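What follows draws every value from the coordinates through simple rules; no lab data is involved. Bear in mind the structure is a predicted one, so any value in this text is a computation, not a measurement. Heads up, the Cβs are rebuilt from the backbone with ideal geometry, glycines too, and the neighbour counts pull from every protein chain shown.
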Amino acid sequence: MNQFNAYAKYYDDMYQAKDYVKETDLIESVFTRFSTTPVKKILSLGCGTGTYEIELAKRGYTITGVDISVQMLEQAKVKIKQAGVSDKITLIEGDIRKLHSLGQFDAVIMMFNIVGYLHTPADLTAVAAGVAAHLPGGGIFLFDGWYGPAVVANPPTDRTKTIEKDGSKITRITHGSLDSAHKLVKISFEVIEEKNSKSTAHITEDHPMRYWDIDEIKEALLAGGLSLTKTTAFDNIDAPVDVSHWDMQVIAAKL
């Protein structure tokens, strides 16, 4: 399972335009519509730098976040302290495929395509089994990922993004290629940081990401003790998945 290393330093900068508030609204709407019991205590898998978790904590939830990347968790700790929600969030370093007993939760989330880092159905089944062990009957598991038919219909292309920060120019070049035999989008991030037209940092990091068909998600979840409730468009839980958009939401529940 891949993890963020040197690229972690630039992660939040590159996604500063992402609307976490709106996406947290969506998470709450899933809880309201699909959970059989009130959600107060959440387990977050692949919590990264903690942005979703901070927003949820501000809304009164208690969250335990698990991530395999020490670098991402270190950034999360700083942000959580700055946000004043340290009493609401617990962070744990670990592999989400090998969850130890962390207690019971009302819901589990796995946001921002963490499922893409699970490269086989067996990996997803292992996660599902861990999720099921931490949920009551009917408890909700929400995650997002890349919808296979959409990825195949709209293959990845190279992209460049540049931002300015503290007098430095940071450029990220994303190289993407399709490995259809393994259902992977092979992503390589190249980040160049410059100050006064001189390079101060230059890193590359590979992040192969898996895309998924709905049937294989359903089977992998079922093998882990979860039932697939619904798959939807990422930004609208009333809209179906669509071959014109990679992103989808998956809502499951413990059997």
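In degrees from 0 to 90, rounded to the nearest 10, what is the angle of the helix 70-83 Cα long axis to the longest principal axis of the chain?
Approximately 80 degrees, to the nearest 10.
Neighbour counts of other C-beta atoms within 10 Å: give me 33, 210, 97 arranged from fewest to most.
33, 97, 210
Straight-line reach only, C-alpha to C-alpha below 16 angstrom: list the aspartates and glutamates that residue 40 could link to, leaving out same-chain residues fewer than 8 apart.
Straight-line reach from residue 40, under 16 Å: 25, 28, 53, 55, 87, 106.
By how many degrees, 0 to 90 and rounded to 10, does the Cα axis of helix 121-133 deviate from the longest principal axis of the chain?
On a 0 to 90 degree scale, this one is about 60.
Exceeding 24 Å between C-alpha atoms, which entries from my cross-link table qualify? They are 79/218; 18/81; 22/79; 161/195; 41/79.
Working: 79/218 35 Å; 18/81 21 Å; 22/79 19 Å; 161/195 16 Å; 41/79 20 Å.
Violating the 24 Å limit, Cα to Cα: 79/218.
Rounded to the nearest Å, what's the spacing between the alpha carbon centres of segment 195-240 and segment 1-49? Just the number, please.
A separation of 12 Å, based on Cα centres.
Arrange 164, 205 by Cβ neighbour counts within 10 Å, fewest through most, would you?
The most exposed by this proxy come first: 164, 205.
What size of dipole, in debye to the nearest 20, comes out for the chain about its Cα centre when the only charges are +1 on Lys and Arg C-beta atoms and -1 on Asp and Glu C-beta atoms? Could you put the intermediate results ahead of the total?
Values: 27 positive and 33 negative charges, 106 e Å.
Once rounded to the nearest 20, the dipole reads 500 debye.
Can you check what the net charge comes to around residue 69, using other residues whose Cβ is under 12 Å from the Cβ of residue 69 (Lys, Arg +1; Asp, Glu -1)?
Neighbour charge sum, excluding residue 69 itself: -4.
Assign one of three labels to the chain, namely rounded, prolate or oblate, based on the Cα gyration tensor with a ≥ b ≥ c the square roots of its eigenvalues; rounded applies when a/c is under 1.5, prolate when it is not and a/b is larger than b/c, and oblate otherwise.
Oblate is the answer for the chain, as a/c is 1.5 or above yet b/c matches or exceeds a/b.
Using only Cα atoms, what Kirkwood radius does segment 129-236 have, in angstroms?
One over the average 1/r among Cα pairs gives 16.9 Å for segment 129-236.
Just to be sure I understand: of the beta bridges DSSP finds with both ends in the chain, what percent are antiparallel, rounded to 5?
Bridges in the chain are about 70 percent antiparallel.
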